[in-house]
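Report on the following structure.
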Amino acid sequence: MTSTQRGPRLAAALLPVLAALVLALTGGCGRQGSPPAKGPRAGDLPAYHVDTAFSLPASPTWTRAHRRGRLVVGVKDDQPYLGERDPATGAYSGFDIEIARMAAASLGFPADRITFKAIASANRETALGNGQVDFYVGTYTINALRKRQVGFAGPYYLAGQGLLVRTDEHDINGPRDLKGKKVCSAAGSSSIQRIEADYPDATPVTYDTYSVCVDNLLTYQVDAVTTDDSILLGYAAKAPKEMKVVGRPFSKEPYGIGLSKGDTALRLALDDAIVAHERNGDWKRAYDATLGLSGVPAPTPPPVDRY
Ligand code: GLU
């Protein structure tokens with residue numbers, strides 16, 4: 001479903017808002033290609049120890065990547081502080097990107113041997129199933145339904161579903177206020193599924209990505225954007241005059257590293273990697289330099305579930 005169109009007059013009136021947002025998201029008046037004002041600074045990121053002696057012949061995925069000499073990791077590219085691609089340089093940054101880099105290092109792959117591939121929420125299971133990516137790190141909630149199709153290492157972080165609205169919105173303070181409201185989320189996400197199942201009076205609107213939902217929010221095409229608080233806080237932190245996160249989180253979203261369902265050896269190796277990087281301080285340093293910039297201090301990571 002897509003939203004209805006408003007007149008061009010409205011669009012024209014909102015151009016300054018959009019322009020302000022673009023400036024905020026691209027780092028304001030910095031020269032082209034300069035890092036955003038509040039982006040991760042390379043010096044703050046941990047350098048991960050690459051386990052060059054690592055070998056995992058029992059994993060078909062690892063064996064294929066090792067032969068290829070590169071690891072292909074599925075990610076998001078438009079989620080501030082989580083998984084973001086700088087259009088000027090092509091460089092990826094964010095907490096999920098760091099989780100991918102630390103896991104890769106444990107599997108014997110240095111950062112320059114990783115190819116990141118942006119995959120939308122709705123396409124993750126297919127990409128993992130057909131080997132388009134070796135594993136996936138992108139705000140990917142572990143749940144029973146998905147576990148029928150893919151494997152999950154972790155969790156490495158616990159998010160919760162929230163709501164993002166315009167700062168001039170005062171009627172929406174939680175999911176119960178969504179009656180008759182257009183609420184936008186990504187197709188294939190657990191966020192839109194929860195709205196459809198638990199809040200049937202809301203009008204769901206879906207796009208491939210959350211950044212398109214945010215554009216629609218700012219142009220008054222939708223009334224709210226819903227997904228994990230971790231994602232929404234990033235958009236709000238980059239344009240605080242235009243948008244705010246409201247209410248309390250209304251779900252639990254444990255983030256896992258998605259992988260091919262049958263590859264148990266890789267799943268357990270990734271679990272080991274997550275635990276090792278939590279213990280040696282890499283996890284916290286990576287969090288502080290990325291997701292921590294959206295304003296929430298580092299939590300204790302959830303326990304890894306070696307199923
Ligand atoms: N964590 C939720 C999910 O996995 C929402 C975020 C996303 O779409 O990546 O569906």
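Figures for the structure shown
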read-out: Per residue value of the accessible surface for the chain (all protein chains in place, 1.4 Å probe), Å²; value: 45 Å²
read-out: Dipole magnitude (debye, nearest 20) for the chain, charges at Cβ of Lys, Arg, Asp, Glu; value: 340 debye
read-out: The stretch 166-210: C-alpha gyration tensor shape, a/c 1.5 cut-off, then a/b vs b/c; value: oblate
read-out: Mean ellipticity per residue at 222 nm, deg cm²/dmol - from DSSP H runs of n ≥ 4 across the chain, formula -39500 (n - 2.57); value: -10000 deg cm²/dmol
read-out: Among 75-81, 89-95, 160-166, the order from most to least packed when residues are scored by Cβ within 10 Å on average; value: 75-81, 160-166, 89-95
read-out: Accessible area (Å², 1.4 Å probe, nearest 10) - Lys284; value: 110 Å²
read-out: Whole-percent carbon and sulfur share, accessible surface of the chain, 1.4 Å; value: 54 percent
read-out: Thr115 accessible area, 1.4 Å probe, all protein chains in place, Å² to nearest 10; value: 50 Å²
read-out: Arg279, Arg70, Arg124, ranked by accessible area, largest first (probe 1.4 Å); value: Arg279, Arg70, Arg124
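The values are calculated or read from the model by the stated rules, or taken from the named source; none is laboratory data. For clarity, every value in this text was computed on a predicted model and none was experimentally measured. With ideal geometry, Cβ positions are generated from the backbone for all residues, glycine too; neighbour counts draw on all protein chains shown. Quick note on the areas: whole protein, heavy atoms, side chains included, nothing else; ligands and nucleic acids left out. Shrake-Rupley method; radii C 1.70, N 1.55, O 1.52, S 1.80 Å.
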